[in-house]
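Here's the structure we're looking at; comments come further down.
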Amino acid sequence: MSDIRLKIGLWNYDCTRALTDGTVKIDGVDASFESARIVSEIFERMIRQREFDVSELGLTYYLRTLDFDDPPFIALPVFPNRCFRHSAIFVNTSAKIEKPQDLAGKTVGEFALYGHDAGVWPKGILSDEYGVEANQCRWIIGGLDWPMAPIDFIPLPHPANIDVTLAPEGKELGEMLEAGEIDALISADVPKCVLNRAPQVARLFPDYKSVEREYYGRTGIFPIMHTVVVRKELLAQHPDLAQTIYRGFCDAKGVAMEQYRTGMIFNNMGVMIPWFSQLLDEDCRLLGDDWWPYGVEANRKTIDTFLRYHYEQGLSQRRLTCEDIFVPELLRT
């Protein structure tokens with residue numbers, strides 16, 4: 001019997017590279033892989049054109065497709081992109097924002113859409129830990145440092161009591177932050193003005209590494225940004241395919257993790273980052289030897305927290321659970 005041909009859309013991650021370079025094969029699958037200039041282009045191609053059989057999707061992008069009349073995808077508990085997000089909040093130094101509570105009453109930019117993956121997490125954390133609610137701010141949505149058309153291929157809900165507008169035409173959020181036209185910015189990507197160390201901008205949490213490590217130590221939450229989805233019609237034709245694809249992604253991640261572990265023998269001399277091995281050792285001490293877990297059970301608290309935030313922020317029509325969003329046969333992973 002010939003292998004099933006699958007077209008898979010992924011950005012270029014170390015945890016998936018063994019799949020895309022052919023080191024790891026998905027059993028019974030003849031896979032071709034495609035990427036894009038920016039990861040949201042993969043999302044659009046999957047959601048708008050159904051271009052891939054299997055695709056990475058931002059978690060909020062996937063959850064919003066569940067509100068379609070006939071939701072086309074179901075997720076595997078594979079998470080190629082995750083990132084702590086206290087570091088995603090930037091402020092103008094003239095706005096007198098010295099602590100999270102000072103964001104109340106301010107104008108805050110948000111990259112790409114209201115409630116992008118790296119926005120859901122900070123808003124939820126600001127609410128849970130500092131008492132700052134989204135309706136206490138004014139929100140302006142736009143591109144960061146380059147022109148970006150408004151996203152129109154997913155639902156764009158927000159509660160009626162929250163002031164959300166698009167950035168003026170020709171304006172980008174990075175330059176607006178530097179100019180003081182917005183007081184703060186939440187963004188998955190770091191604005192150029194921050195990278196250039198412009199004196200007018202700073203992070204809300206300057207020592208974000210320590211804050212994020214303390215947050216993980218206290219909560220056990222390592223925020224998830226993206227998941228991997230499969231077209232439902234494909235799984236209807238090949239019921240065992242979900243577990244096979246999942247194993248392939250797990251094997252690819254295992255290859256990357258072993259490369260880093262083995263690299264410690266040679267001080268990771270193939271990486272141009274001083275003290276990289278020490279950082280890896282510190283991360284394993286905090287996060288565990290499987291510092292980037294796949295599967296539902298190891299991530300249930302993190303996923304449930306995101307699903308709660310998504311609902312509380314008006315982005316889901318109902319409070320979803322892991323059982324609502326993942327392939328049933330992988331719920332015990």
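When region 197-221 is filtered for residues that are in contact with a helix residue (DSSP H, G or I) (Cβ under 6 Å, 6 or more places away or on another chain) and among the aromatic types (F, W, Y), the ones remaining, listed by number, are F205, Y208.
Per the conditions (1) in contact with a helix residue (DSSP H, G or I) (Cβ under 6 Å, 6 or more places away or on another chain); (2) of a type in the set (G, A, S); (3) at positive phi, the sole criterion not satisfied by A118 is (3).
Between R261, R247, which is assigned by TED's automatic domain parsing to the domain that holds C15 and over 24 Å from the mean Cα position of the chain (by Cα)?
R261
Looking at region 67-80, is at least one residue buried (at least 24 other Cβ atoms within 10 Å of the Cβ) and among the β-branched types (V, I, T)? Within region 67-80 (the criterion being buried (at least 24 other Cβ atoms within 10 Å of the Cβ) and among the β-branched types (V, I, T)), the answer is yes, since at least one residue qualifies.
The residues on offer are Q259, Q278, Q317, and the sole one that is more than 21 Å from Y216 (Cβ to Cβ) and outside any loop (DSSP other than H, G, I, E, B) is Q259. Quick check, is V132 within 14 Å of I89 (Cβ to Cβ), within 20 Å of the chain's Cα centre (by Cα) and β-branched (V, I, T)? Criteria not met by V132. If the condition is being part of a loop (DSSP other than H, G, I, E, B) and surrounded by fewer than 11 Cβ atoms within 10 Å (Cβ to Cβ), then region 262-275 contributes M269, G270, M272, I273, P274.
Restricting region 103-128 to residues that are of a type in the set (D, E) and over 15 Å from W139 (Cα atoms) leaves a set whose member that is surrounded by the most Cβ atoms within 10 Å (Cβ to Cβ) is D117.
A search for C-beta distances below 8 Å between a residue of region 80-93 that is part of a strand (DSSP E or B) and any residue that is hydroxyl-bearing (S, T, Y), counting only pairs 6+ apart in sequence or on different chains, returns F90/S187.
Pairing residues of region 130-147 that are under 21 Å from V194 (Cβ atoms) with residues that are basic (K, R), at Cβ distances under 7 Å and at least 6 apart in sequence or on separate chains, gives C137/K106; G142/K171; D145/K192. If you filter region 225-270 down to residues that are of a type in the set (S, T, Y) and touching a residue at least 60 places away in the same chain (Cβ under 8 Å), you find that the one that is nearest to R48 (Cα to Cα) is T227. Checking the stated criteria, V228 turns out to be closer than 20 Å to C83 by Cβ, among the hydrophobic types (A, V, I, L, M, F, W, C), modelled with pLDDT of 95 or more and not in a loop (DSSP other than H, G, I, E, B). Once region 1-48 is narrowed to residues that are among the charged types (D, E, K, R) and touching a residue at least 60 places away in the same chain (Cβ under 8 Å), the residue that is surrounded by the fewest Cβ atoms within 10 Å (Cβ to Cβ) is R48.
The values are calculated or read from the model by the stated rules, or taken from the named source; none is laboratory data. Source: prediction; values computed, not measured. Every residue, glycine among them, receives a Cβ derived from its backbone with ideal geometry; neighbour counts consider all protein chains shown.
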